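As C-alpha coordinates, the structure follows; a few thoughts come after it.
The values are calculated or read from the model by the stated rules, or taken from the named source; none is laboratory data. These figures come from a predicted structure and were not determined experimentally. With ideal geometry, Cβ positions are generated from the backbone for all residues, glycine too; neighbour counts draw on all protein chains shown. To get the accessible areas, we keep the full protein, side chains included, count just its heavy atoms, and leave off ligands, DNA and RNA. Shrake-Rupley method; radii C 1.70, N 1.55, O 1.52, S 1.80 Å.
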Amino acid sequence: MNSLTLPDAAPPTAVPGGLARLRGLPLGRLAVVLAAAVAVLLPIGLIVWQSLLSAPFFMPNKTVGLDAYRFIFDDPDFWSASRNSVAIAIGMVGIALPLGAALSFLMARTDLPGRRWLEPLILVPVFVSPLVLAFGYVVALGPVGFYSLWFKQALGLAAVPWNIYSLTSIAVVAGLTHVPHVYLYASSALRNLGADVEEAARVGGASPLRVALDVSLPMTLPSLLFAAVLVFFLGFEIFGLPLVLGDPEGHLVLATYLYKLTNKLGLPSYHLMAAVAVCLIAITFPLVLLQRWLLKSSARYVALKGKATRPRVLPLGGWKWLALAIVAAWLLFTLVVPLSGIALRSVVNYWGEGVSLAEAFTLNHFVEVFEQPNLVRAIVNSVAIGVIGGAVAVICYTALGLASHRKQDGLTRFVDYLVLVPRAVPGVLAGLAFLWVFLFVPGLKELRNGMLSVWIAYTVVWLAYGMRLISSALIQVAPELEEAARTVGASRSRTHRQITVPLIRYGLLASWLLVFMIFEREYSTGVYLLAPGSEVIGSMLVSLWAAGAIDLVAALSLINIGLVGIGLAVALRFGVKLHD
(Lines give C-alpha, C1' and ligand atoms only; values in the text may rest on other atoms or scores of the structure.)
Protein backbone atom coordinates (compact mmCIF):
# COMPACT_ATOMS: atom_id res chain seq x y z
CA MET A 1 0.00 0.00 0.00
CA ASN A 2 1.30 3.35 -0.99
CA SER A 3 1.42 5.74 1.79
CA LEU A 4 0.90 9.44 1.25
CA THR A 5 3.66 11.38 2.88
CA LEU A 6 2.86 14.97 3.56
CA PRO A 7 5.68 17.49 3.66
CA ASP A 8 6.62 18.58 7.11
CA ALA A 9 4.87 21.74 8.07
CA ALA A 10 7.08 24.66 9.00
CA PRO A 11 7.33 24.94 12.78
CA PRO A 12 5.32 27.86 14.11
CA THR A 13 7.33 30.87 15.10
CA ALA A 14 7.03 31.70 18.76
CA VAL A 15 5.67 35.24 19.01
CA PRO A 16 4.84 36.91 22.28
CA GLY A 17 1.10 37.42 22.71
CA GLY A 18 1.20 41.23 22.81
CA LEU A 19 3.46 41.46 19.77
CA ALA A 20 1.27 39.01 17.88
CA ARG A 21 -1.74 41.19 18.53
CA LEU A 22 0.13 44.29 17.38
CA ARG A 23 1.13 42.56 14.10
CA GLY A 24 -2.51 42.39 13.11
CA LEU A 25 -3.04 46.12 13.46
CA PRO A 26 -2.88 48.57 10.55
CA LEU A 27 0.43 50.45 10.44
CA GLY A 28 -1.24 53.85 10.15
CA ARG A 29 -3.36 53.25 13.24
CA LEU A 30 -0.31 52.15 15.21
CA ALA A 31 1.68 55.20 14.03
CA VAL A 32 -1.05 57.64 15.12
CA VAL A 33 -1.37 56.09 18.57
CA LEU A 34 2.42 55.87 18.99
CA ALA A 35 2.86 59.56 18.09
CA ALA A 36 0.16 60.52 20.60
CA ALA A 37 1.76 58.35 23.28
CA VAL A 38 5.17 59.98 22.76
CA ALA A 39 3.67 63.50 22.85
CA VAL A 40 1.80 62.73 26.09
CA LEU A 41 4.16 60.45 28.01
CA LEU A 42 7.56 61.96 27.19
CA PRO A 43 6.92 65.25 29.10
CA ILE A 44 5.40 63.32 32.03
CA GLY A 45 8.40 61.01 32.11
CA LEU A 46 10.76 64.00 32.19
CA ILE A 47 8.84 65.48 35.14
CA VAL A 48 9.11 62.24 37.11
CA TRP A 49 12.81 61.79 36.25
CA GLN A 50 13.66 65.40 37.13
CA SER A 51 11.88 65.04 40.48
CA LEU A 52 14.25 62.20 41.38
CA LEU A 53 17.39 64.30 40.81
CA SER A 54 19.07 66.46 43.42
CA ALA A 55 19.63 69.34 40.97
CA PRO A 56 18.39 70.50 37.53
CA PHE A 57 19.17 68.39 34.45
CA PHE A 58 22.02 70.60 33.33
CA MET A 59 23.95 70.57 36.64
CA PRO A 60 27.02 68.28 36.51
CA ASN A 61 26.84 67.38 40.22
CA LYS A 62 23.26 66.05 40.18
CA THR A 63 22.56 62.74 41.90
CA VAL A 64 19.56 60.44 42.01
CA GLY A 65 17.59 60.62 45.23
CA LEU A 66 14.63 62.11 47.04
CA ASP A 67 16.26 65.39 48.07
CA ALA A 68 13.71 67.47 46.14
CA TYR A 69 10.80 65.83 47.96
CA ARG A 70 12.54 66.30 51.34
CA PHE A 71 12.98 70.01 50.58
CA ILE A 72 9.37 70.73 49.67
CA PHE A 73 7.98 68.58 52.50
CA ASP A 74 10.11 70.60 54.95
CA ASP A 75 8.95 73.90 53.43
CA PRO A 76 6.03 75.47 55.40
CA ASP A 77 4.92 77.28 52.21
CA PHE A 78 4.22 73.92 50.54
CA TRP A 79 1.83 72.85 53.30
CA SER A 80 0.22 76.28 53.41
CA ALA A 81 -0.31 76.13 49.63
CA SER A 82 -1.72 72.58 49.95
CA ARG A 83 -4.22 73.66 52.62
CA ASN A 84 -5.26 76.66 50.53
CA SER A 85 -5.75 74.46 47.46
CA VAL A 86 -7.97 72.06 49.41
CA ALA A 87 -9.97 74.93 50.94
CA ILE A 88 -10.50 76.61 47.55
CA ALA A 89 -11.45 73.31 45.89
CA ILE A 90 -14.05 72.56 48.61
CA GLY A 91 -15.38 76.12 48.41
CA MET A 92 -15.68 75.86 44.63
CA VAL A 93 -17.73 72.67 44.91
CA GLY A 94 -19.91 74.20 47.63
CA ILE A 95 -20.74 77.21 45.43
CA ALA A 96 -20.66 75.85 41.88
CA LEU A 97 -22.60 72.62 42.47
CA PRO A 98 -25.91 73.96 43.89
CA LEU A 99 -25.90 77.03 41.67
CA GLY A 100 -25.06 75.05 38.53
CA ALA A 101 -27.74 72.46 39.35
CA ALA A 102 -30.36 75.19 39.93
CA LEU A 103 -29.42 76.94 36.69
CA SER A 104 -29.68 73.68 34.74
CA PHE A 105 -33.17 72.98 36.14
CA LEU A 106 -34.37 76.51 35.37
CA MET A 107 -33.01 76.42 31.82
CA ALA A 108 -33.97 72.85 30.92
CA ARG A 109 -37.28 72.33 32.72
CA THR A 110 -39.05 75.63 33.37
CA ASP A 111 -40.56 78.55 31.47
CA LEU A 112 -37.87 80.98 32.66
CA PRO A 113 -38.09 84.11 30.46
CA GLY A 114 -35.25 84.58 27.94
CA ARG A 115 -33.84 81.04 28.11
CA ARG A 116 -32.75 81.12 24.46
CA TRP A 117 -30.39 84.06 24.86
CA LEU A 118 -29.42 83.28 28.46
CA GLU A 119 -27.75 79.94 27.69
CA PRO A 120 -24.87 81.32 25.56
CA LEU A 121 -24.23 83.95 28.26
CA ILE A 122 -24.11 81.25 30.97
CA LEU A 123 -21.40 79.41 29.04
CA VAL A 124 -19.26 82.47 28.22
CA PRO A 125 -17.06 82.18 31.40
CA VAL A 126 -15.80 78.83 30.06
CA PHE A 127 -14.19 80.67 27.13
CA VAL A 128 -12.78 83.69 28.97
CA SER A 129 -9.27 83.41 30.37
CA PRO A 130 -9.31 83.10 34.19
CA LEU A 131 -6.33 85.45 34.27
CA VAL A 132 -8.36 88.10 32.43
CA LEU A 133 -11.31 87.59 34.78
CA ALA A 134 -9.03 87.89 37.82
CA PHE A 135 -7.56 91.14 36.50
CA GLY A 136 -11.09 92.38 35.86
CA TYR A 137 -12.06 91.75 39.50
CA VAL A 138 -8.98 93.64 40.71
CA VAL A 139 -9.72 96.78 38.67
CA ALA A 140 -13.46 96.55 39.38
CA LEU A 141 -13.69 95.44 43.03
CA GLY A 142 -10.17 96.06 44.38
CA PRO A 143 -9.52 98.72 47.05
CA VAL A 144 -9.44 101.45 44.36
CA GLY A 145 -11.55 99.60 41.78
CA PHE A 146 -14.21 101.39 39.78
CA TYR A 147 -17.18 99.76 41.47
CA SER A 148 -15.54 99.92 44.91
CA LEU A 149 -15.12 103.69 44.70
CA TRP A 150 -18.62 104.23 43.29
CA PHE A 151 -20.06 102.00 46.04
CA LYS A 152 -18.24 103.96 48.76
CA GLN A 153 -19.32 107.31 47.31
CA ALA A 154 -22.94 106.21 46.96
CA LEU A 155 -23.21 104.98 50.56
CA GLY A 156 -20.73 107.39 52.16
CA LEU A 157 -18.50 104.60 53.48
CA ALA A 158 -14.83 104.88 54.43
CA ALA A 159 -14.05 101.44 52.98
CA VAL A 160 -15.85 98.71 51.07
CA PRO A 161 -17.12 95.77 53.14
CA TRP A 162 -15.21 93.20 51.06
CA ASN A 163 -11.60 92.25 50.45
CA ILE A 164 -11.08 90.87 46.95
CA TYR A 165 -7.60 89.63 47.92
CA SER A 166 -8.71 87.33 50.75
CA LEU A 167 -8.72 83.54 50.49
CA THR A 168 -12.51 83.55 50.90
CA SER A 169 -12.88 85.94 47.95
CA ILE A 170 -10.67 83.71 45.80
CA ALA A 171 -12.84 80.68 46.62
CA VAL A 172 -16.06 82.64 45.96
CA VAL A 173 -14.85 84.03 42.65
CA ALA A 174 -13.49 80.63 41.58
CA GLY A 175 -16.75 78.93 42.58
CA LEU A 176 -18.95 81.40 40.71
CA THR A 177 -16.83 81.30 37.56
CA HIS A 178 -16.96 77.47 37.53
CA VAL A 179 -20.75 77.27 37.66
CA PRO A 180 -20.92 76.64 33.87
CA HIS A 181 -18.91 73.40 34.31
CA VAL A 182 -21.67 71.99 36.54
CA TYR A 183 -24.38 73.45 34.32
CA LEU A 184 -22.98 71.66 31.23
CA TYR A 185 -23.30 68.17 32.72
CA ALA A 186 -26.49 68.70 34.76
CA SER A 187 -28.44 70.33 31.91
CA SER A 188 -27.32 67.63 29.47
CA ALA A 189 -28.54 64.92 31.86
CA LEU A 190 -31.87 66.67 32.42
CA ARG A 191 -32.51 67.03 28.69
CA ASN A 192 -31.89 63.30 28.20
CA LEU A 193 -34.42 62.30 30.86
CA GLY A 194 -38.13 61.91 30.32
CA ALA A 195 -40.47 64.40 31.97
CA ASP A 196 -43.28 61.96 32.76
CA VAL A 197 -42.38 61.64 36.46
CA GLU A 198 -42.08 65.42 36.81
CA GLU A 199 -45.46 65.90 35.16
CA ALA A 200 -46.96 63.32 37.51
CA ALA A 201 -45.53 65.24 40.47
CA ARG A 202 -47.00 68.48 39.13
CA VAL A 203 -50.39 66.84 38.64
CA GLY A 204 -50.14 65.70 42.26
CA GLY A 205 -49.77 69.32 43.36
CA ALA A 206 -45.99 69.61 43.88
CA SER A 207 -44.48 73.09 43.49
CA PRO A 208 -41.66 73.69 40.96
CA LEU A 209 -39.16 73.85 43.85
CA ARG A 210 -40.31 70.51 45.21
CA VAL A 211 -40.22 68.96 41.74
CA ALA A 212 -36.64 70.17 41.35
CA LEU A 213 -35.46 68.96 44.78
CA ASP A 214 -37.40 65.68 45.00
CA VAL A 215 -37.66 64.52 41.39
CA SER A 216 -35.48 66.20 38.73
CA LEU A 217 -32.13 66.72 40.47
CA PRO A 218 -32.04 63.28 42.21
CA MET A 219 -32.44 61.69 38.78
CA THR A 220 -29.28 63.51 37.62
CA LEU A 221 -27.24 62.54 40.68
CA PRO A 222 -24.54 60.66 38.69
CA SER A 223 -23.98 63.71 36.48
CA LEU A 224 -23.88 66.00 39.52
CA LEU A 225 -21.33 63.72 41.20
CA PHE A 226 -19.25 63.76 38.02
CA ALA A 227 -19.42 67.58 37.91
CA ALA A 228 -18.52 67.84 41.62
CA VAL A 229 -15.39 65.73 41.09
CA LEU A 230 -14.51 67.84 38.03
CA VAL A 231 -14.82 71.13 39.92
CA PHE A 232 -12.89 69.75 42.92
CA PHE A 233 -10.16 68.63 40.52
CA LEU A 234 -10.11 72.06 38.82
CA GLY A 235 -9.65 73.61 42.25
CA PHE A 236 -6.14 72.13 42.34
CA GLU A 237 -5.45 73.29 38.79
CA ILE A 238 -6.39 76.97 38.98
CA PHE A 239 -3.46 79.31 38.47
CA GLY A 240 -4.54 82.72 37.16
CA LEU A 241 -7.09 83.60 39.85
CA PRO A 242 -4.81 82.88 42.86
CA LEU A 243 -1.81 84.40 41.05
CA VAL A 244 -3.57 87.76 40.61
CA LEU A 245 -5.91 87.82 43.62
CA GLY A 246 -3.76 85.91 46.12
CA ASP A 247 -0.40 87.55 45.54
CA PRO A 248 -1.04 90.89 47.38
CA GLU A 249 -1.69 89.04 50.69
CA GLY A 250 0.63 86.10 50.01
CA HIS A 251 -2.01 83.40 49.54
CA LEU A 252 -0.33 80.57 47.66
CA VAL A 253 -1.92 77.50 46.09
CA LEU A 254 0.05 74.55 44.75
CA ALA A 255 0.16 75.90 41.17
CA THR A 256 1.37 79.36 42.24
CA TYR A 257 3.77 77.81 44.80
CA LEU A 258 5.33 75.89 41.92
CA TYR A 259 5.53 79.10 39.85
CA LYS A 260 7.23 80.95 42.71
CA LEU A 261 9.76 78.13 43.11
CA THR A 262 11.31 79.07 39.78
CA ASN A 263 13.82 81.37 41.41
CA LYS A 264 13.46 80.49 45.09
CA LEU A 265 17.06 79.30 45.41
CA GLY A 266 18.52 81.89 43.06
CA LEU A 267 18.81 79.34 40.23
CA PRO A 268 16.08 77.57 38.23
CA SER A 269 14.81 75.03 40.78
CA TYR A 270 13.65 72.49 38.22
CA HIS A 271 14.00 69.52 40.59
CA LEU A 272 11.83 71.19 43.26
CA MET A 273 9.24 72.22 40.69
CA ALA A 274 9.17 68.66 39.36
CA ALA A 275 8.62 67.27 42.86
CA VAL A 276 5.63 69.62 43.34
CA ALA A 277 4.38 68.64 39.88
CA VAL A 278 4.48 64.94 40.79
CA CYS A 279 2.56 65.69 44.02
CA LEU A 280 -0.08 67.58 42.02
CA ILE A 281 -0.41 64.74 39.50
CA ALA A 282 -0.67 62.25 42.38
CA ILE A 283 -3.70 64.22 43.61
CA THR A 284 -5.37 64.99 40.27
CA PHE A 285 -4.90 61.74 38.32
CA PRO A 286 -6.98 59.61 40.76
CA LEU A 287 -9.68 62.29 40.49
CA VAL A 288 -9.61 61.99 36.69
CA LEU A 289 -9.90 58.20 36.97
CA LEU A 290 -12.79 58.66 39.40
CA GLN A 291 -14.49 60.89 36.81
CA ARG A 292 -14.06 58.18 34.18
CA TRP A 293 -15.52 55.57 36.52
CA LEU A 294 -18.51 57.79 37.34
CA LEU A 295 -19.10 58.45 33.65
CA LYS A 296 -19.05 54.73 32.81
CA SER A 297 -21.19 53.86 35.81
CA SER A 298 -23.80 56.54 35.17
CA ALA A 299 -25.63 54.41 32.60
CA ARG A 300 -26.40 51.85 35.32
CA TYR A 301 -28.41 54.45 37.22
CA VAL A 302 -30.70 55.33 34.32
CA ALA A 303 -33.96 53.81 35.42
CA LEU A 304 -36.29 56.15 33.62
CA LYS A 305 -36.35 56.59 29.88
CA GLY A 306 -37.81 59.64 28.17
CA LYS A 307 -40.76 59.67 25.87
CA ALA A 308 -40.39 60.44 22.22
CA THR A 309 -42.53 63.54 22.75
CA ARG A 310 -41.04 66.86 23.83
CA PRO A 311 -41.42 67.38 27.62
CA ARG A 312 -43.64 70.24 28.79
CA VAL A 313 -41.89 73.03 30.65
CA LEU A 314 -42.92 73.61 34.25
CA PRO A 315 -44.67 76.96 34.77
CA LEU A 316 -42.91 79.01 37.46
CA GLY A 317 -45.78 81.46 37.86
CA GLY A 318 -44.81 84.57 39.75
CA TRP A 319 -41.54 82.95 40.88
CA LYS A 320 -40.10 83.25 37.37
CA TRP A 321 -39.12 86.89 37.94
CA LEU A 322 -37.26 86.00 41.15
CA ALA A 323 -35.51 83.14 39.29
CA LEU A 324 -34.61 85.51 36.44
CA ALA A 325 -33.23 88.01 38.97
CA ILE A 326 -30.98 85.31 40.51
CA VAL A 327 -29.62 84.33 37.08
CA ALA A 328 -29.10 88.01 36.19
CA ALA A 329 -27.27 88.63 39.48
CA TRP A 330 -24.92 85.73 38.79
CA LEU A 331 -24.25 87.00 35.25
CA LEU A 332 -23.71 90.52 36.60
CA PHE A 333 -21.05 89.38 39.08
CA THR A 334 -19.40 86.77 36.86
CA LEU A 335 -19.35 88.58 33.52
CA VAL A 336 -20.48 92.20 33.60
CA VAL A 337 -18.43 93.40 36.60
CA PRO A 338 -15.00 92.00 35.60
CA LEU A 339 -15.33 92.59 31.84
CA SER A 340 -16.63 96.14 32.24
CA GLY A 341 -13.82 96.80 34.74
CA ILE A 342 -11.25 95.77 32.13
CA ALA A 343 -12.93 97.87 29.46
CA LEU A 344 -12.91 100.95 31.71
CA ARG A 345 -9.31 100.42 32.89
CA SER A 346 -8.12 100.11 29.29
CA VAL A 347 -9.32 103.62 28.42
CA VAL A 348 -8.18 105.63 31.46
CA ASN A 349 -4.72 106.96 32.23
CA TYR A 350 -5.16 106.72 35.98
CA TRP A 351 -7.90 106.05 38.47
CA GLY A 352 -8.60 106.83 42.11
CA GLU A 353 -10.61 108.92 44.56
CA GLY A 354 -12.09 112.03 42.93
CA VAL A 355 -11.03 111.15 39.37
CA SER A 356 -13.70 111.37 36.69
CA LEU A 357 -13.75 109.03 33.70
CA ALA A 358 -13.92 111.97 31.27
CA GLU A 359 -10.71 113.63 32.46
CA ALA A 360 -8.75 110.36 32.59
CA PHE A 361 -9.96 109.04 29.22
CA THR A 362 -7.25 107.93 26.76
CA LEU A 363 -6.60 105.45 23.98
CA ASN A 364 -2.83 105.58 24.41
CA HIS A 365 -2.66 102.11 25.96
CA PHE A 366 -3.82 100.55 22.69
CA VAL A 367 -1.38 102.74 20.74
CA GLU A 368 1.41 101.56 23.04
CA VAL A 369 0.42 97.92 22.51
CA PHE A 370 0.71 98.27 18.74
CA GLU A 371 4.03 100.14 19.05
CA GLN A 372 5.76 97.25 20.85
CA PRO A 373 6.94 94.52 18.46
CA ASN A 374 6.68 91.71 21.03
CA LEU A 375 3.04 92.58 21.82
CA VAL A 376 2.16 92.78 18.12
CA ARG A 377 3.80 89.37 17.67
CA ALA A 378 1.76 88.08 20.62
CA ILE A 379 -1.51 89.18 18.96
CA VAL A 380 -0.52 87.77 15.57
CA ASN A 381 0.69 84.51 17.12
CA SER A 382 -2.50 84.18 19.16
CA VAL A 383 -4.65 84.56 16.07
CA ALA A 384 -2.43 82.14 14.14
CA ILE A 385 -2.42 79.47 16.85
CA GLY A 386 -6.19 79.74 17.12
CA VAL A 387 -6.96 79.67 13.40
CA ILE A 388 -4.17 77.54 11.92
CA GLY A 389 -3.06 75.70 15.06
CA GLY A 390 -6.65 74.98 16.02
CA ALA A 391 -7.37 73.52 12.59
CA VAL A 392 -4.27 71.31 12.65
CA ALA A 393 -5.08 70.23 16.21
CA VAL A 394 -8.57 69.17 15.11
CA ILE A 395 -6.97 67.13 12.30
CA CYS A 396 -4.72 65.41 14.88
CA TYR A 397 -7.64 64.77 17.23
CA THR A 398 -9.64 63.36 14.30
CA ALA A 399 -6.81 61.01 13.33
CA LEU A 400 -6.60 59.73 16.91
CA GLY A 401 -10.38 59.48 17.15
CA LEU A 402 -10.55 57.44 13.94
CA ALA A 403 -7.77 55.17 15.21
CA SER A 404 -10.08 54.00 17.99
CA HIS A 405 -13.41 54.46 16.17
CA ARG A 406 -15.62 51.34 16.39
CA LYS A 407 -12.72 49.28 17.73
CA GLN A 408 -12.97 47.58 21.11
CA ASP A 409 -9.46 46.20 21.49
CA GLY A 410 -6.49 46.85 23.74
CA LEU A 411 -5.21 49.74 21.64
CA THR A 412 -8.54 51.57 22.00
CA ARG A 413 -8.48 51.07 25.77
CA PHE A 414 -4.91 52.40 25.79
CA VAL A 415 -6.06 55.53 23.90
CA ASP A 416 -8.95 55.99 26.35
CA TYR A 417 -6.53 56.17 29.27
CA LEU A 418 -3.86 58.06 27.32
CA VAL A 419 -6.13 61.06 26.63
CA LEU A 420 -6.87 61.31 30.37
CA VAL A 421 -3.22 61.83 31.31
CA PRO A 422 -2.87 65.48 30.10
CA ARG A 423 -6.17 66.28 31.85
CA ALA A 424 -4.49 65.50 35.17
CA VAL A 425 -1.61 67.89 34.47
CA PRO A 426 -2.30 71.60 35.09
CA GLY A 427 -1.39 73.82 32.14
CA VAL A 428 1.51 75.53 33.89
CA LEU A 429 3.10 72.11 34.61
CA ALA A 430 2.54 70.96 31.04
CA GLY A 431 4.26 74.10 29.73
CA LEU A 432 7.20 73.46 32.08
CA ALA A 433 7.45 69.83 30.94
CA PHE A 434 7.46 70.81 27.27
CA LEU A 435 10.13 73.42 28.01
CA TRP A 436 12.34 70.59 29.29
CA VAL A 437 11.49 68.46 26.24
CA PHE A 438 12.65 71.19 23.89
CA LEU A 439 15.70 72.06 25.98
CA PHE A 440 17.07 68.62 26.75
CA VAL A 441 15.89 66.22 24.03
CA PRO A 442 18.58 66.21 21.30
CA GLY A 443 17.50 67.83 18.05
CA LEU A 444 14.59 69.81 19.48
CA LYS A 445 16.45 72.78 20.99
CA GLU A 446 16.31 74.74 17.73
CA LEU A 447 12.49 74.61 17.84
CA ARG A 448 12.34 76.07 21.36
CA ASN A 449 11.78 79.69 20.31
CA GLY A 450 9.16 79.01 17.67
CA MET A 451 5.39 78.63 17.79
CA LEU A 452 5.69 74.89 17.16
CA SER A 453 6.57 74.29 20.82
CA VAL A 454 3.53 76.29 22.00
CA TRP A 455 1.21 74.57 19.51
CA ILE A 456 2.33 71.07 20.56
CA ALA A 457 1.87 71.97 24.24
CA TYR A 458 -1.61 73.44 23.61
CA THR A 459 -2.65 70.44 21.52
CA VAL A 460 -1.56 67.94 24.18
CA VAL A 461 -2.99 69.90 27.13
CA TRP A 462 -6.42 70.10 25.44
CA LEU A 463 -6.29 66.54 24.08
CA ALA A 464 -9.14 65.27 26.27
CA TYR A 465 -11.36 68.22 25.32
CA GLY A 466 -10.61 67.83 21.62
CA MET A 467 -11.21 64.09 21.70
CA ARG A 468 -14.56 64.65 23.36
CA LEU A 469 -15.57 67.01 20.53
CA ILE A 470 -14.46 64.52 17.87
CA SER A 471 -16.11 61.58 19.63
CA SER A 472 -19.39 63.53 19.78
CA ALA A 473 -19.21 63.99 16.00
CA LEU A 474 -18.15 60.40 15.24
CA ILE A 475 -20.88 58.83 17.35
CA GLN A 476 -23.52 60.49 15.16
CA VAL A 477 -22.46 58.43 12.13
CA ALA A 478 -24.64 55.33 11.86
CA PRO A 479 -22.49 52.16 11.75
CA GLU A 480 -24.59 50.78 8.86
CA LEU A 481 -23.10 53.35 6.47
CA GLU A 482 -19.52 52.31 7.25
CA GLU A 483 -20.44 48.62 7.23
CA ALA A 484 -21.97 49.02 3.76
CA ALA A 485 -18.72 50.47 2.47
CA ARG A 486 -16.71 47.64 4.06
CA THR A 487 -19.10 45.06 2.57
CA VAL A 488 -18.36 46.21 -0.99
CA GLY A 489 -14.63 45.92 -0.36
CA ALA A 490 -13.55 49.37 0.82
CA SER A 491 -10.61 49.35 3.18
CA ARG A 492 -10.88 50.85 6.65
CA SER A 493 -8.86 53.93 5.67
CA ARG A 494 -10.87 54.46 2.47
CA THR A 495 -14.11 54.14 4.47
CA HIS A 496 -12.87 56.84 6.83
CA ARG A 497 -11.80 59.13 3.96
CA GLN A 498 -14.90 58.76 1.79
CA ILE A 499 -17.68 58.01 4.27
CA THR A 500 -16.92 58.94 7.88
CA VAL A 501 -14.97 62.20 7.54
CA PRO A 502 -17.30 63.77 4.91
CA LEU A 503 -20.29 62.95 7.12
CA ILE A 504 -18.79 64.67 10.17
CA ARG A 505 -17.46 67.76 8.34
CA TYR A 506 -19.89 70.11 10.11
CA GLY A 507 -18.91 68.56 13.45
CA LEU A 508 -15.26 69.18 12.58
CA LEU A 509 -16.04 72.80 11.72
CA ALA A 510 -17.77 73.23 15.08
CA SER A 511 -14.82 71.56 16.83
CA TRP A 512 -12.42 73.95 15.11
CA LEU A 513 -14.39 77.01 16.31
CA LEU A 514 -14.52 75.69 19.88
CA VAL A 515 -10.80 74.80 19.86
CA PHE A 516 -10.07 78.31 18.47
CA MET A 517 -11.73 79.89 21.52
CA ILE A 518 -10.01 77.50 23.93
CA PHE A 519 -6.60 78.25 22.39
CA GLU A 520 -7.28 82.01 22.60
CA ARG A 521 -8.10 81.80 26.32
CA GLU A 522 -5.15 79.56 27.22
CA TYR A 523 -2.44 81.34 29.19
CA SER A 524 -0.74 79.10 31.76
CA THR A 525 0.69 76.57 29.28
CA GLY A 526 2.68 79.26 27.49
CA VAL A 527 4.21 80.84 30.61
CA TYR A 528 7.40 78.75 30.59
CA LEU A 529 7.52 78.60 26.78
CA LEU A 530 7.60 82.40 26.46
CA ALA A 531 10.57 83.50 24.33
CA PRO A 532 11.18 85.92 21.44
CA GLY A 533 9.12 84.45 18.62
CA SER A 534 6.77 82.35 20.75
CA GLU A 535 4.79 85.13 22.45
CA VAL A 536 1.03 84.69 22.78
CA ILE A 537 -1.38 87.01 24.54
CA GLY A 538 -1.89 84.69 27.53
CA SER A 539 1.77 84.31 28.44
CA MET A 540 2.43 88.02 27.79
CA LEU A 541 -0.36 88.92 30.21
CA VAL A 542 1.37 86.92 32.97
CA SER A 543 4.70 88.57 32.14
CA LEU A 544 3.24 92.10 32.01
CA TRP A 545 1.31 91.53 35.25
CA ALA A 546 4.49 90.45 37.02
CA ALA A 547 6.21 93.60 35.71
CA GLY A 548 3.37 95.84 36.94
CA ALA A 549 2.42 97.11 33.46
CA ILE A 550 -1.26 97.45 34.35
CA ASP A 551 -2.15 99.72 31.43
CA LEU A 552 -0.83 97.24 28.87
CA VAL A 553 -2.47 94.32 30.71
CA ALA A 554 -5.84 96.10 30.47
CA ALA A 555 -5.49 96.86 26.75
CA LEU A 556 -4.19 93.39 25.89
CA SER A 557 -6.92 91.75 27.98
CA LEU A 558 -9.60 93.66 26.06
CA ILE A 559 -8.04 92.55 22.77
CA ASN A 560 -8.08 88.95 24.03
CA ILE A 561 -11.75 89.26 24.98
CA GLY A 562 -12.44 90.68 21.51
CA LEU A 563 -10.80 87.67 19.82
CA VAL A 564 -12.82 85.24 21.93
CA GLY A 565 -15.95 87.29 21.22
CA ILE A 566 -15.37 87.04 17.47
CA GLY A 567 -14.98 83.27 17.75
CA LEU A 568 -18.12 83.06 19.87
CA ALA A 569 -20.13 85.18 17.43
CA VAL A 570 -19.03 83.05 14.46
CA ALA A 571 -19.81 79.84 16.39
CA LEU A 572 -23.30 81.04 17.31
CA ARG A 573 -23.87 82.29 13.73
CA PHE A 574 -23.19 78.78 12.42
CA GLY A 575 -25.36 77.18 15.09
CA VAL A 576 -22.54 75.53 17.03
CA LYS A 577 -23.77 74.02 20.30
CA LEU A 578 -21.44 75.41 22.96
CA HIS A 579 -22.34 72.68 25.43
CA ASP A 580 -20.88 70.02 23.12
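Table for the structure above
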item	result
Distant-in-sequence amide H partners of L53 (H built 1.01 Å from N, under 5 Å)	G65
Accessible carbon and sulfur surface of the chain relative to its total accessible area, %, 1.4 Å	67
Surface/4 estimate of mean projected area, convex hull on alpha-carbon atoms of the stretch 193-242, nm²	4.7
Extreme residue, positive dipole direction of the chain, given options L332, P26, G352 (C-beta unit charges)	P26
FRET efficiency estimate (nearest 0.05) - Cβ-Cβ, L27 to V488, R0 30 angstrom	0.80
Built amide H within the under 5 Å cut-off of T110, gap 5+	L314
Total formal charge among the other residues, if their Cβ is under 9 angstrom from that of L375, Lys/Arg +1 and Asp/Glu -1	-2
Percent breakdown of C-alpha pair distances by 5 Å bin, ordered from the shortest bin, for the stretch 58-146	3, 9, 9, 12, 15, 13, 10, 9, 7, 6, 4, 2, 1, 0
Probe 1.4 Å, all protein chains present, accessible-area order of W455, W162, largest first	W162, W455
Theoretical FRET efficiency, 1/(1+(r/R0)^6), r = Cβ-Cβ of V197 and Y506, R0 30 Å, to 0.05	0.30
Residue order for H365, H251 - accessible surface, 1.4 angstrom probe, largest first	H251, H365
Size of charge dipole - the chain - debye, nearest 20, with Cβ of Lys, Arg +1 and Asp, Glu -1, no other charges	1760
